[in-house]
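This report refers to the structure that appears directly beneath it.
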Amino acid sequence: MDLLSKLEQNGARKCVACGRCTFACPASQIGGEFSPRGLVERMILEDKIPPEKEIWLCMTCKQCTQICQFGVSFHELVREVRPTLLTSLPPEENHGGIPRVLERLSAVRKIRPSRQRWITSGIDIDQSSDTLFYVGCTPYFDVIFRYLRQDLLEMPRSAIRLLNACGIAPRVLMHERCCGHDSYWLGDVETFQRLAFLNVEALERSGVREILTFCPECMITWKQLYPKMVGKLSFDVRSVTEVVAKAIEEGILRLERNEEVYTFQDPCRLGRHSGVYEPPRQLIRSIGRLVEMPRSREMAACCGNSSFVNCNAMTRQWQLQRGKEALASGADRLLTACPKCLIHLTCGLAEGWVSMERRSIRIDDLYVIAASRLSKKA
Amino acid sequence: MENSPLPSHNFQDREGSWNPKVVAFCCNWCAYAGADLAGMTRRQCSTNVRIVRVMCSGRVSPGMILRALISGADGVMVLGCHPGDCHYRGGNFHAQNRVTMVKELLALAGIEPSRVLLRWVSASEGDLFVQTVNDFVANLHRLGPLGGSDGSAV
(Lines give C-alpha, C1' and ligand atoms only; values in the text may rest on other atoms or scores of the structure.)
Protein backbone atom coordinates (compact mmCIF):
# COMPACT_ATOMS: atom_id res chain seq x y z
CA MET A 1 0.00 0.00 0.00
CA ASP A 2 1.40 3.39 -0.89
CA LEU A 3 1.72 6.35 1.39
CA LEU A 4 -1.24 8.24 -0.01
CA SER A 5 -3.71 5.43 0.54
CA LYS A 6 -2.32 4.87 4.03
CA LEU A 7 -3.11 8.49 4.80
CA GLU A 8 -6.52 8.38 3.16
CA GLN A 9 -7.55 5.14 4.75
CA ASN A 10 -6.82 6.33 8.27
CA GLY A 11 -8.49 9.67 7.77
CA ALA A 12 -5.21 11.50 8.21
CA ARG A 13 -6.17 14.06 5.57
CA LYS A 14 -8.84 15.31 7.91
CA CYS A 15 -6.28 16.23 10.55
CA VAL A 16 -6.52 19.91 11.46
CA ALA A 17 -3.30 19.84 13.46
CA CYS A 18 -5.03 20.82 16.69
CA GLY A 19 -2.59 18.76 18.73
CA ARG A 20 -5.10 17.10 21.04
CA CYS A 21 -3.61 13.71 20.15
CA THR A 22 -0.10 14.75 21.07
CA PHE A 23 -1.38 16.25 24.29
CA ALA A 24 -3.08 12.98 25.20
CA CYS A 25 -0.27 10.70 24.02
CA PRO A 26 1.62 8.98 26.85
CA ALA A 27 4.79 8.82 24.76
CA SER A 28 4.72 12.59 24.26
CA GLN A 29 3.79 13.35 27.84
CA ILE A 30 6.76 11.53 29.29
CA GLY A 31 9.07 13.58 27.12
CA GLY A 32 9.58 11.30 24.16
CA GLU A 33 10.04 12.74 20.71
CA PHE A 34 7.03 10.92 19.35
CA SER A 35 3.98 12.93 18.37
CA PRO A 36 0.95 11.56 16.51
CA ARG A 37 0.18 14.97 15.03
CA GLY A 38 3.80 15.43 14.02
CA LEU A 39 3.82 12.07 12.28
CA VAL A 40 0.79 12.96 10.16
CA GLU A 41 2.14 16.42 9.41
CA ARG A 42 5.49 15.12 8.29
CA MET A 43 3.98 12.35 6.19
CA ILE A 44 1.80 14.88 4.38
CA LEU A 45 4.38 17.64 3.99
CA GLU A 46 7.42 15.53 3.21
CA ASP A 47 5.47 12.92 1.29
CA LYS A 48 7.43 10.06 2.82
CA ILE A 49 7.48 7.96 5.93
CA PRO A 50 9.73 9.79 8.38
CA PRO A 51 12.61 7.46 9.17
CA GLU A 52 12.54 7.99 12.89
CA LYS A 53 13.11 5.63 15.76
CA GLU A 54 10.42 7.49 17.67
CA ILE A 55 7.76 5.49 15.89
CA TRP A 56 8.53 2.65 18.34
CA LEU A 57 7.74 4.84 21.34
CA CYS A 58 4.05 4.66 20.48
CA MET A 59 2.28 2.28 22.86
CA THR A 60 -0.64 1.81 20.44
CA CYS A 61 -2.91 2.56 23.37
CA LYS A 62 -5.38 4.37 21.06
CA GLN A 63 -5.57 7.42 23.31
CA CYS A 64 -4.86 9.71 20.32
CA THR A 65 -7.56 8.16 18.14
CA GLN A 66 -10.00 8.25 21.02
CA ILE A 67 -9.52 11.95 21.64
CA CYS A 68 -9.42 13.06 18.00
CA GLN A 69 -12.47 15.06 17.00
CA PHE A 70 -12.01 14.46 13.31
CA GLY A 71 -11.81 10.69 13.25
CA VAL A 72 -8.16 10.20 12.42
CA SER A 73 -6.93 6.69 13.22
CA PHE A 74 -3.49 7.62 14.44
CA HIS A 75 -2.74 4.28 16.05
CA GLU A 76 -3.62 2.43 12.85
CA LEU A 77 -1.42 4.77 10.86
CA VAL A 78 1.50 4.08 13.19
CA ARG A 79 0.89 0.36 12.81
CA GLU A 80 0.89 0.63 9.03
CA VAL A 81 4.09 2.66 8.98
CA ARG A 82 5.95 0.20 11.19
CA PRO A 83 6.48 -2.68 8.70
CA THR A 84 8.50 -0.36 6.47
CA LEU A 85 10.81 0.53 9.35
CA LEU A 86 11.02 -2.85 11.09
CA THR A 87 14.23 -3.99 9.38
CA SER A 88 15.88 -0.66 8.62
CA LEU A 89 15.20 0.93 11.99
CA PRO A 90 14.26 -1.83 14.40
CA PRO A 91 12.89 -1.12 17.87
CA GLU A 92 14.90 -1.68 21.01
CA GLU A 93 13.60 -4.95 22.27
CA ASN A 94 13.54 -5.51 25.99
CA HIS A 95 14.18 -8.73 27.84
CA GLY A 96 16.64 -9.73 25.12
CA GLY A 97 13.78 -9.99 22.66
CA ILE A 98 12.59 -13.24 24.27
CA PRO A 99 8.84 -12.61 23.91
CA ARG A 100 9.23 -11.83 20.22
CA VAL A 101 11.42 -14.84 19.47
CA LEU A 102 8.93 -17.11 21.21
CA GLU A 103 6.17 -15.66 19.10
CA ARG A 104 8.15 -16.27 15.95
CA LEU A 105 9.02 -19.81 17.02
CA SER A 106 5.37 -20.57 17.55
CA ALA A 107 4.69 -19.43 13.98
CA VAL A 108 6.70 -22.41 12.69
CA ARG A 109 4.20 -25.06 11.73
CA LYS A 110 6.19 -28.07 12.81
CA ILE A 111 6.99 -26.71 16.22
CA ARG A 112 3.98 -27.47 18.37
CA PRO A 113 3.95 -25.66 21.69
CA SER A 114 2.60 -27.54 24.68
CA ARG A 115 1.95 -25.02 27.37
CA GLN A 116 -0.84 -26.69 29.33
CA ARG A 117 1.25 -27.34 32.43
CA TRP A 118 -0.58 -24.48 34.16
CA ILE A 119 -3.67 -26.67 34.43
CA THR A 120 -3.78 -27.91 37.99
CA SER A 121 -6.34 -29.90 39.91
CA GLY A 122 -9.40 -28.05 41.09
CA ILE A 123 -10.26 -26.52 37.74
CA ASP A 124 -12.76 -28.16 35.44
CA ILE A 125 -11.86 -28.58 31.81
CA ASP A 126 -14.06 -30.37 29.35
CA GLN A 127 -12.40 -31.21 26.05
CA SER A 128 -15.75 -31.84 24.34
CA SER A 129 -17.13 -28.41 25.17
CA ASP A 130 -17.88 -25.99 22.35
CA THR A 131 -16.46 -23.12 24.40
CA LEU A 132 -12.73 -22.65 24.17
CA PHE A 133 -10.56 -20.96 26.74
CA TYR A 134 -7.63 -19.35 24.97
CA VAL A 135 -4.72 -18.94 27.34
CA GLY A 136 -2.22 -16.88 25.40
CA CYS A 137 1.34 -16.14 26.44
CA THR A 138 0.93 -16.13 30.21
CA PRO A 139 2.72 -19.51 30.65
CA TYR A 140 5.76 -17.93 28.99
CA PHE A 141 5.46 -14.79 31.08
CA ASP A 142 5.40 -16.95 34.17
CA VAL A 143 8.88 -18.21 33.28
CA ILE A 144 10.29 -14.87 32.13
CA PHE A 145 8.80 -12.67 34.86
CA ARG A 146 8.80 -15.05 37.80
CA TYR A 147 11.27 -12.74 39.51
CA LEU A 148 8.59 -10.03 39.50
CA ARG A 149 5.48 -11.98 40.32
CA GLN A 150 4.97 -15.58 41.30
CA ASP A 151 1.24 -15.55 40.73
CA LEU A 152 1.03 -15.07 36.97
CA LEU A 153 -0.29 -18.56 36.31
CA GLU A 154 -3.02 -17.90 38.83
CA MET A 155 -4.58 -15.61 36.22
CA PRO A 156 -5.77 -18.31 33.79
CA ARG A 157 -6.50 -20.67 36.70
CA SER A 158 -8.67 -18.07 38.42
CA ALA A 159 -10.43 -17.19 35.19
CA ILE A 160 -11.34 -20.85 34.74
CA ARG A 161 -12.46 -21.12 38.37
CA LEU A 162 -14.79 -18.18 37.76
CA LEU A 163 -16.10 -19.79 34.59
CA ASN A 164 -16.63 -23.07 36.42
CA ALA A 165 -18.67 -21.21 39.01
CA CYS A 166 -20.79 -19.83 36.17
CA GLY A 167 -21.39 -23.39 35.01
CA ILE A 168 -18.95 -23.36 32.11
CA ALA A 169 -16.26 -26.01 31.79
CA PRO A 170 -14.27 -24.81 28.80
CA ARG A 171 -12.00 -26.65 26.44
CA VAL A 172 -8.33 -25.75 26.09
CA LEU A 173 -6.11 -26.33 23.10
CA MET A 174 -3.34 -28.83 23.72
CA HIS A 175 -1.00 -27.25 21.21
CA GLU A 176 -1.99 -23.63 21.47
CA ARG A 177 0.15 -21.10 19.65
CA CYS A 178 0.65 -17.42 20.34
CA CYS A 179 -2.07 -15.17 18.97
CA GLY A 180 0.50 -12.92 17.26
CA HIS A 181 -0.75 -9.70 18.76
CA ASP A 182 2.69 -8.19 19.31
CA SER A 183 3.88 -9.13 15.84
CA TYR A 184 0.92 -7.31 14.40
CA TRP A 185 1.50 -4.10 16.31
CA LEU A 186 5.24 -4.19 15.70
CA GLY A 187 4.64 -4.49 11.98
CA ASP A 188 5.91 -8.06 11.60
CA VAL A 189 3.15 -8.89 9.15
CA GLU A 190 4.67 -12.17 8.02
CA THR A 191 4.71 -13.76 11.48
CA PHE A 192 1.24 -12.46 12.22
CA GLN A 193 -0.15 -13.90 9.00
CA ARG A 194 1.37 -17.29 9.69
CA LEU A 195 -0.03 -17.34 13.21
CA ALA A 196 -3.44 -16.18 12.05
CA PHE A 197 -3.72 -18.99 9.54
CA LEU A 198 -2.32 -21.65 11.87
CA ASN A 199 -4.64 -20.63 14.70
CA VAL A 200 -7.77 -20.35 12.62
CA GLU A 201 -6.95 -23.64 10.92
CA ALA A 202 -6.56 -25.34 14.30
CA LEU A 203 -9.97 -24.16 15.42
CA GLU A 204 -12.09 -24.31 12.32
CA ARG A 205 -12.55 -28.07 12.30
CA SER A 206 -12.84 -28.42 16.05
CA GLY A 207 -16.48 -27.42 16.45
CA VAL A 208 -15.71 -24.54 18.77
CA ARG A 209 -18.54 -21.99 18.89
CA GLU A 210 -17.12 -19.46 21.29
CA ILE A 211 -13.69 -18.37 22.45
CA LEU A 212 -13.22 -16.92 25.92
CA THR A 213 -10.03 -15.10 26.74
CA PHE A 214 -8.81 -13.51 29.90
CA CYS A 215 -6.04 -11.62 28.10
CA PRO A 216 -7.47 -8.56 26.32
CA GLU A 217 -4.76 -8.80 23.66
CA CYS A 218 -5.83 -12.29 22.65
CA MET A 219 -9.37 -10.99 22.61
CA ILE A 220 -8.82 -8.19 20.11
CA THR A 221 -6.60 -10.46 18.03
CA TRP A 222 -9.34 -13.06 17.65
CA LYS A 223 -12.17 -10.58 17.48
CA GLN A 224 -10.81 -7.80 15.33
CA LEU A 225 -7.48 -8.71 13.75
CA TYR A 226 -8.03 -12.26 12.47
CA PRO A 227 -11.26 -11.41 10.64
CA LYS A 228 -9.28 -8.71 8.81
CA MET A 229 -6.73 -11.30 7.76
CA VAL A 230 -8.74 -14.45 7.05
CA GLY A 231 -12.34 -13.24 6.73
CA LYS A 232 -15.30 -13.75 9.01
CA LEU A 233 -14.83 -16.41 11.66
CA SER A 234 -17.45 -18.91 12.69
CA PHE A 235 -17.13 -18.27 16.42
CA ASP A 236 -17.82 -15.50 18.91
CA VAL A 237 -15.07 -14.02 21.03
CA ARG A 238 -15.73 -12.71 24.50
CA SER A 239 -13.70 -11.69 27.47
CA VAL A 240 -14.10 -13.72 30.64
CA THR A 241 -15.07 -10.50 32.43
CA GLU A 242 -18.11 -10.17 30.18
CA VAL A 243 -19.24 -13.73 30.92
CA VAL A 244 -18.70 -13.39 34.65
CA ALA A 245 -20.36 -9.98 34.88
CA LYS A 246 -23.41 -11.35 33.06
CA ALA A 247 -23.58 -14.30 35.42
CA ILE A 248 -23.44 -11.95 38.41
CA GLU A 249 -26.21 -9.85 36.93
CA GLU A 250 -28.39 -12.91 36.38
CA GLY A 251 -27.73 -14.14 39.90
CA ILE A 252 -25.95 -17.33 38.81
CA LEU A 253 -22.71 -16.34 40.45
CA ARG A 254 -22.27 -14.90 43.90
CA LEU A 255 -19.02 -13.45 45.17
CA GLU A 256 -18.25 -12.56 48.76
CA ARG A 257 -17.98 -8.86 49.39
CA ASN A 258 -15.67 -7.20 51.83
CA GLU A 259 -14.74 -3.65 52.69
CA GLU A 260 -11.66 -3.43 50.54
CA VAL A 261 -11.42 -0.45 48.20
CA TYR A 262 -10.33 -1.05 44.63
CA THR A 263 -9.41 1.02 41.67
CA PHE A 264 -9.26 -0.28 38.13
CA GLN A 265 -6.60 0.14 35.47
CA ASP A 266 -8.45 -0.20 32.15
CA PRO A 267 -6.28 -2.29 29.83
CA CYS A 268 -6.22 -0.43 26.53
CA ARG A 269 -7.12 -3.56 24.56
CA LEU A 270 -10.15 -4.20 26.75
CA GLY A 271 -11.27 -0.60 27.06
CA ARG A 272 -10.51 1.69 24.16
CA HIS A 273 -9.90 -1.08 21.62
CA SER A 274 -12.99 -3.17 22.44
CA GLY A 275 -15.25 -0.88 24.42
CA VAL A 276 -15.56 -3.23 27.41
CA TYR A 277 -15.67 -0.77 30.30
CA GLU A 278 -18.60 -1.82 32.44
CA PRO A 279 -18.19 -5.64 32.98
CA PRO A 280 -14.91 -5.44 34.94
CA ARG A 281 -16.41 -2.66 37.05
CA GLN A 282 -19.51 -4.72 37.76
CA LEU A 283 -17.22 -7.51 38.87
CA ILE A 284 -15.29 -5.21 41.17
CA ARG A 285 -18.45 -3.72 42.66
CA SER A 286 -19.61 -7.21 43.55
CA ILE A 287 -16.49 -7.89 45.61
CA GLY A 288 -15.87 -4.50 47.22
CA ARG A 289 -15.94 -0.77 46.75
CA LEU A 290 -14.74 0.76 43.50
CA VAL A 291 -13.15 4.19 43.30
CA GLU A 292 -12.15 5.66 39.97
CA MET A 293 -8.88 7.33 39.19
CA PRO A 294 -9.17 10.69 37.41
CA ARG A 295 -7.96 9.10 34.20
CA SER A 296 -10.19 6.10 33.73
CA ARG A 297 -12.46 4.46 31.15
CA GLU A 298 -11.94 6.15 27.75
CA MET A 299 -9.23 8.34 29.20
CA ALA A 300 -7.42 5.60 31.10
CA ALA A 301 -3.68 6.03 31.14
CA CYS A 302 -1.64 3.32 29.47
CA CYS A 303 0.40 0.95 31.65
CA GLY A 304 3.46 2.39 29.97
CA ASN A 305 4.68 -0.23 27.59
CA SER A 306 3.54 -2.29 24.67
CA SER A 307 4.95 -5.35 22.91
CA PHE A 308 8.04 -5.32 25.17
CA VAL A 309 9.90 -2.64 23.22
CA ASN A 310 11.41 0.68 24.29
CA CYS A 311 11.08 0.31 28.01
CA ASN A 312 13.23 2.95 29.66
CA ALA A 313 13.44 5.51 32.45
CA MET A 314 10.67 7.54 30.83
CA THR A 315 8.17 4.70 30.88
CA ARG A 316 9.14 4.13 34.50
CA GLN A 317 8.31 7.78 35.14
CA TRP A 318 4.93 7.29 33.51
CA GLN A 319 4.18 4.23 35.61
CA LEU A 320 5.17 6.10 38.72
CA GLN A 321 2.75 8.87 37.78
CA ARG A 322 0.01 6.29 37.37
CA GLY A 323 0.94 4.79 40.72
CA LYS A 324 0.60 8.14 42.44
CA GLU A 325 -2.79 8.56 40.84
CA ALA A 326 -3.93 5.17 42.10
CA LEU A 327 -2.63 5.96 45.56
CA ALA A 328 -4.40 9.32 45.60
CA SER A 329 -7.69 7.65 44.72
CA GLY A 330 -7.68 6.11 48.19
CA ALA A 331 -7.83 2.51 47.00
CA ASP A 332 -6.13 -0.41 48.75
CA ARG A 333 -5.55 -2.31 45.57
CA LEU A 334 -5.03 -1.43 41.95
CA LEU A 335 -6.70 -4.10 39.86
CA THR A 336 -6.10 -4.78 36.22
CA ALA A 337 -7.36 -7.42 33.84
CA CYS A 338 -4.41 -7.87 31.52
CA PRO A 339 -1.26 -9.92 32.19
CA LYS A 340 0.89 -7.28 30.52
CA CYS A 341 -0.54 -4.36 32.49
CA LEU A 342 0.10 -6.40 35.61
CA ILE A 343 3.70 -7.13 34.64
CA HIS A 344 4.51 -3.60 33.50
CA LEU A 345 2.95 -1.90 36.50
CA THR A 346 4.48 -4.34 38.97
CA CYS A 347 7.86 -3.81 37.37
CA GLY A 348 7.57 -0.04 37.13
CA LEU A 349 6.33 0.39 40.66
CA ALA A 350 8.54 -2.11 42.41
CA GLU A 351 10.73 0.74 43.60
CA GLY A 352 9.86 4.12 45.00
CA TRP A 353 6.16 3.77 45.17
CA VAL A 354 5.68 2.10 48.48
CA SER A 355 7.51 4.77 50.44
CA MET A 356 5.27 7.55 49.19
CA GLU A 357 3.25 9.28 51.86
CA ARG A 358 3.76 6.25 54.08
CA ARG A 359 1.02 4.48 52.21
CA SER A 360 1.22 1.69 49.74
CA ILE A 361 -1.04 0.06 47.25
CA ARG A 362 -0.92 -3.43 45.94
CA ILE A 363 -1.29 -4.29 42.30
CA ASP A 364 -3.28 -7.39 41.56
CA ASP A 365 -5.20 -9.13 38.90
CA LEU A 366 -8.97 -8.82 38.81
CA TYR A 367 -9.55 -12.52 38.11
CA VAL A 368 -7.29 -13.70 40.91
CA ILE A 369 -8.97 -11.44 43.46
CA ALA A 370 -12.47 -12.25 42.22
CA ALA A 371 -11.83 -16.01 42.23
CA SER A 372 -10.59 -15.81 45.80
CA ARG A 373 -14.05 -14.50 46.73
CA LEU A 374 -16.02 -17.37 45.31
CA SER A 375 -18.53 -18.43 47.95
CA LYS A 376 -17.64 -21.82 49.28
CA LYS A 377 -21.26 -23.01 49.07
CA ALA A 378 -21.68 -22.17 45.43
CA MET B 1 23.09 -7.24 18.95
CA GLU B 2 19.83 -5.76 20.14
CA ASN B 3 19.75 -3.35 17.24
CA SER B 4 20.71 -5.70 14.45
CA PRO B 5 18.06 -6.34 11.80
CA LEU B 6 15.81 -9.15 12.79
CA PRO B 7 16.98 -12.38 11.24
CA SER B 8 14.39 -14.26 9.26
CA HIS B 9 13.46 -17.91 9.45
CA ASN B 10 16.30 -19.70 7.84
CA PHE B 11 15.30 -23.30 7.63
CA GLN B 12 15.68 -23.45 3.87
CA ASP B 13 19.32 -24.34 3.27
CA ARG B 14 18.97 -27.93 4.19
CA GLU B 15 18.57 -29.79 0.95
CA GLY B 16 20.37 -33.09 0.63
CA SER B 17 21.94 -34.61 3.68
CA TRP B 18 21.19 -32.52 6.68
CA ASN B 19 23.88 -31.53 9.11
CA PRO B 20 23.11 -29.83 12.37
CA LYS B 21 24.27 -26.28 12.93
CA VAL B 22 25.50 -25.55 16.40
CA VAL B 23 26.31 -22.22 18.00
CA ALA B 24 28.66 -22.53 20.96
CA PHE B 25 29.09 -19.57 23.28
CA CYS B 26 32.52 -20.11 24.83
CA CYS B 27 33.85 -18.20 27.77
CA ASN B 28 37.13 -16.49 26.96
CA TRP B 29 38.98 -17.76 30.01
CA CYS B 30 38.08 -21.42 30.13
CA ALA B 31 36.05 -23.01 27.38
CA TYR B 32 37.56 -21.00 24.53
CA ALA B 33 41.03 -21.84 25.73
CA GLY B 34 39.89 -25.43 26.06
CA ALA B 35 38.77 -25.38 22.42
CA ASP B 36 42.15 -23.88 21.55
CA LEU B 37 43.90 -26.67 23.36
CA ALA B 38 41.83 -29.25 21.53
CA GLY B 39 42.97 -27.70 18.26
CA MET B 40 46.61 -27.48 19.28
CA THR B 41 46.69 -31.06 20.36
CA ARG B 42 44.97 -32.04 17.08
CA ARG B 43 41.90 -33.73 18.49
CA GLN B 44 39.27 -34.67 15.94
CA CYS B 45 36.20 -32.56 16.58
CA SER B 46 32.84 -32.28 14.87
CA THR B 47 32.86 -29.37 12.43
CA ASN B 48 29.24 -28.36 12.96
CA VAL B 49 30.09 -25.93 15.69
CA ARG B 50 30.31 -22.17 15.23
CA ILE B 51 32.10 -20.78 18.23
CA VAL B 52 31.19 -17.35 19.56
CA ARG B 53 33.74 -16.09 22.03
CA VAL B 54 32.22 -14.19 24.95
CA MET B 55 34.14 -12.77 27.87
CA CYS B 56 32.07 -14.74 30.32
CA SER B 57 29.32 -17.34 30.04
CA GLY B 58 27.31 -14.94 32.20
CA ARG B 59 27.24 -12.60 29.19
CA VAL B 60 24.98 -15.01 27.31
CA SER B 61 21.41 -13.87 27.73
CA PRO B 62 18.35 -16.05 27.15
CA GLY B 63 17.55 -13.79 24.20
CA MET B 64 20.87 -14.61 22.55
CA ILE B 65 20.24 -18.35 22.81
CA LEU B 66 16.72 -18.03 21.45
CA ARG B 67 17.82 -15.74 18.63
CA ALA B 68 20.44 -18.27 17.62
CA LEU B 69 17.71 -20.90 17.41
CA ILE B 70 15.30 -18.78 15.38
CA SER B 71 18.13 -17.73 13.05
CA GLY B 72 18.79 -21.29 11.95
CA ALA B 73 20.83 -23.00 14.66
CA ASP B 74 19.64 -26.47 15.61
CA GLY B 75 21.29 -26.38 18.98
CA VAL B 76 23.11 -23.96 21.23
CA MET B 77 25.91 -24.72 23.67
CA VAL B 78 26.98 -22.47 26.50
CA LEU B 79 30.39 -23.43 27.79
CA GLY B 80 31.89 -21.74 30.81
CA CYS B 81 34.29 -22.17 33.69
CA HIS B 82 33.78 -24.70 36.43
CA PRO B 83 31.87 -23.39 39.45
CA GLY B 84 34.24 -21.38 41.59
CA ASP B 85 36.64 -20.81 38.70
CA CYS B 86 34.82 -17.89 37.06
CA HIS B 87 37.19 -15.08 36.14
CA TYR B 88 34.50 -12.65 37.28
CA ARG B 89 33.62 -14.56 40.43
CA GLY B 90 30.12 -15.72 39.61
CA GLY B 91 29.24 -15.27 35.93
CA ASN B 92 28.82 -18.97 35.35
CA PHE B 93 26.10 -19.11 37.99
CA HIS B 94 24.20 -16.45 36.08
CA ALA B 95 24.63 -18.60 33.00
CA GLN B 96 23.23 -21.56 34.86
CA ASN B 97 20.11 -19.66 35.89
CA ARG B 98 19.57 -18.35 32.39
CA VAL B 99 20.02 -21.67 30.66
CA THR B 100 17.55 -23.22 33.10
CA MET B 101 15.08 -20.50 32.14
CA VAL B 102 15.63 -21.03 28.42
CA LYS B 103 15.13 -24.76 28.78
CA GLU B 104 11.86 -24.15 30.56
CA LEU B 105 10.72 -21.78 27.83
CA LEU B 106 11.73 -24.23 25.11
CA ALA B 107 9.77 -27.02 26.75
CA LEU B 108 6.69 -24.77 26.69
CA ALA B 109 7.34 -23.77 23.09
CA GLY B 110 7.49 -27.41 22.02
CA ILE B 111 11.21 -27.60 21.37
CA GLU B 112 13.38 -30.25 22.96
CA PRO B 113 15.21 -28.65 25.91
CA SER B 114 18.22 -30.82 25.13
CA ARG B 115 18.91 -28.55 22.16
CA VAL B 116 20.48 -26.19 24.66
CA LEU B 117 23.43 -27.40 26.67
CA LEU B 118 25.41 -25.87 29.50
CA ARG B 119 28.76 -27.44 30.38
CA TRP B 120 31.77 -26.44 32.39
CA VAL B 121 34.98 -26.85 30.38
CA SER B 122 38.25 -25.56 31.77
CA ALA B 123 41.25 -24.36 29.76
CA SER B 124 43.07 -27.64 30.32
CA GLU B 125 40.19 -29.85 29.24
CA GLY B 126 40.64 -30.06 25.48
CA ASP B 127 39.45 -33.64 25.51
CA LEU B 128 36.31 -32.74 27.41
CA PHE B 129 35.56 -30.00 24.88
CA VAL B 130 35.81 -32.47 22.00
CA GLN B 131 33.76 -35.02 23.87
CA THR B 132 31.03 -32.49 24.74
CA VAL B 133 30.77 -31.20 21.18
CA ASN B 134 30.67 -34.66 19.64
CA ASP B 135 28.04 -35.91 22.06
CA PHE B 136 25.91 -32.82 21.52
CA VAL B 137 26.09 -33.09 17.73
CA ALA B 138 25.27 -36.79 17.91
CA ASN B 139 22.22 -35.93 20.01
CA LEU B 140 21.14 -33.32 17.44
CA HIS B 141 21.46 -35.94 14.70
CA ARG B 142 18.98 -38.01 16.68
CA LEU B 143 16.61 -35.09 17.22
CA GLY B 144 16.68 -33.89 13.62
CA PRO B 145 16.41 -30.32 12.38
CA LEU B 146 14.62 -27.68 14.38
CA GLY B 147 11.23 -26.93 12.94
CA GLY B 148 10.99 -29.92 10.63
CA SER B 149 13.06 -31.28 7.82
CA ASP B 150 12.11 -28.87 5.04
CA GLY B 151 11.80 -25.14 5.00
CA SER B 152 8.64 -25.22 2.89
CA ALA B 153 6.47 -26.28 5.80
CA VAL B 154 7.46 -23.28 7.86
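The values are calculated or read from the model by the stated rules, or taken from the named source; none is laboratory data. Everything numeric here is computed off the predicted structure, so don't read it as measured data. Glycine gets a Cβ as well: all are built from the backbone with ideal geometry, and neighbour counts include every protein chain shown. These area figures cover heavy atoms from the full protein model, side chains too; ligands, DNA and RNA do not enter into them. Shrake-Rupley method; radii C 1.70, N 1.55, O 1.52, S 1.80 Å.
Quick notes on this one:
- Checked against the criterion of being touching a residue at least 40 places away in the same chain (Cβ under 8 Å), in a loop (DSSP other than H, G, I, E, B) and crowded, with 18+ Cβ neighbours inside 10 Å, the range B:50-68 contains not a single residue that satisfies it.
- Residue match in the range B:12-26 (condition: in contact with a helix residue (DSSP H, G or I) (Cβ under 7 Å, 6 or more places away or on another chain), part of a loop (DSSP other than H, G, I, E, B) and at pLDDT below 90): yes
- Verdict on A:F214 being within 12 Å of chain B (Cβ to nearest Cβ), closer than 26 Å to A:C347 by Cα and in contact (Cβ under 8 Å) with a residue 60 or more places away in the chain: no
- Of the residues making up the range A:112-119, none is in contact (Cβ under 8 Å) with a residue 60 or more places away in the chain and under 18 Å from the mean Cα position of the chain (by Cα).
- Residue in the range A:244-260 that is modelled with pLDDT under 95 and closer than 24 Å to A:L320 by Cα present: yes
- Any hit, the range A:32-50, residues being more than 15 Å from A:N310 (Cβ to Cβ), open to solvent by less than 20 Å² (accessible area, probe 1.4 Å) and not in a helix (DSSP H, G or I): yes
- Inter-residue pairs, beta-carbon under 6 Å, first part of a loop (DSSP other than H, G, I, E, B) and in the range A:4-28, second surrounded by 14 or more Cβ atoms within 10 Å (Cβ to Cβ) and among the aliphatic types (A, V, I, L, M), 6+ apart: A:N10/A:L77; A:G11/A:V72; A:C15/A:V40; A:C15/A:V72
- Test: residue in the range B:80-88 that is open to solvent by 70 Å² or more (accessible area, probe 1.4 Å), charged (D, E, K, R) and modelled with pLDDT under 95: yes
- Residues of the range B:98-137 classified as in contact (Cβ under 8 Å) with a residue 40 or more places away in the chain and away from every other protein chain (no Cβ under 14 Å), total: 19
- Failed criterion for A:R109 (all others in (1) touching a residue at least 12 places away in the same chain (Cβ under 8 Å); (2) within 9 Å of chain B (Cβ to nearest Cβ); (3) in a loop (DSSP other than H, G, I, E, B); (4) open to solvent by less than 10 Å² (accessible area, probe 1.4 Å) hold): (4)
- Selection over the range A:140-160 of residues that are out of contact with any Leu (no Cβ under 8 Å at 6 or more places or on another chain) and open to solvent by 10 Å² or more (accessible area, probe 1.4 Å) gives a count of 7.
- Among the residues of the range A:247-287, the one identified as open to solvent by 60 Å² or more (accessible area, probe 1.4 Å) and within 22 Å of A:Q224 (Cα to Cα) is A:E278.
- Across the range A:51-66, the number of residues qualifying as under 18 Å from A:K14 (Cα atoms) and either open to solvent by 30 Å² or more (accessible area, probe 1.4 Å) or touching an Asp or Glu at 6+ places or on another chain (Cβ under 6 Å) (or both) comes to 2.
- From A:L342, A:L290, residue being closer than 20 Å to A:C215 by Cβ, surrounded by 16 or more Cβ atoms within 10 Å (Cβ to Cβ) and at pLDDT 90 or above: A:L342
- Selection from the range A:305-331 of residues that are in a helix (DSSP H, G or I) and either open to solvent by less than 60 Å² (accessible area, probe 1.4 Å) or among the aliphatic types (A, V, I, L, M) (or both): A:A313, A:M314, A:T315, A:W318, A:Q319, A:L320, A:R322, A:G323, A:E325, A:A326, A:L327, A:A328
- Test: B:R115 is at pLDDT below 95 and either within 25 Å of A:E93 (Cβ to Cβ) or surrounded by fewer than 23 Cβ atoms within 10 Å (Cβ to Cβ) (or both): no
- Filter result for A:V81 (closer than 18 Å to A:C179 by Cβ and aliphatic (A, V, I, L, M)): no
- Only a single item in (1) closer than 30 Å to A:P99 by Cβ; (2) hydrophobic (A, V, I, L, M, F, W, C); (3) open to solvent by less than 10 Å² (accessible area, probe 1.4 Å) is not met by B:F93, and it is number (3).
- Condition check for A:R82 on (1) modelled with pLDDT of 90 or more; (2) in contact with a Leu (Cβ under 9 Å, 6 or more places away or on another chain); (3) part of a loop (DSSP other than H, G, I, E, B): one failure, at (3).
- Check on A:F141, over 30 Å from A:T65 (Cα atoms), within 11 Å of chain B (Cβ to nearest Cβ), in contact (Cβ under 8 Å) with a residue 40 or more places away in the chain and under 18 Å from the mean Cα position of the chain (by Cα): no
- Residue match in the range A:358-377 (condition: open to solvent by 30 Å² or more (accessible area, probe 1.4 Å), at pLDDT 85 or above and assigned to a loop (DSSP other than H, G, I, E, B)): yes
- Put simply, of A:L77, A:L89, A:L163, A:L132 the only residue that is outside any helix (DSSP H, G or I), open to solvent by less than 20 Å² (accessible area, probe 1.4 Å) and more than 8 Å from chain B (Cβ to nearest Cβ) is A:L132.
- Restricting the first member to the range A:295-307 and to residues that are touching a residue at least 60 places away in the same chain (Cβ under 8 Å), and the second to residues that are among the basic types (K, R), the beta-carbon pairs closer than 6 Å and six or more apart or on different chains are A:A301/A:R295; A:A301/A:R322.
- Filter result for A:T60 (outside any helix (DSSP H, G or I), closer than 17 Å to A:Q29 by Cα and under 23 Å from the mean Cα position of the chain (by Cα)): yes
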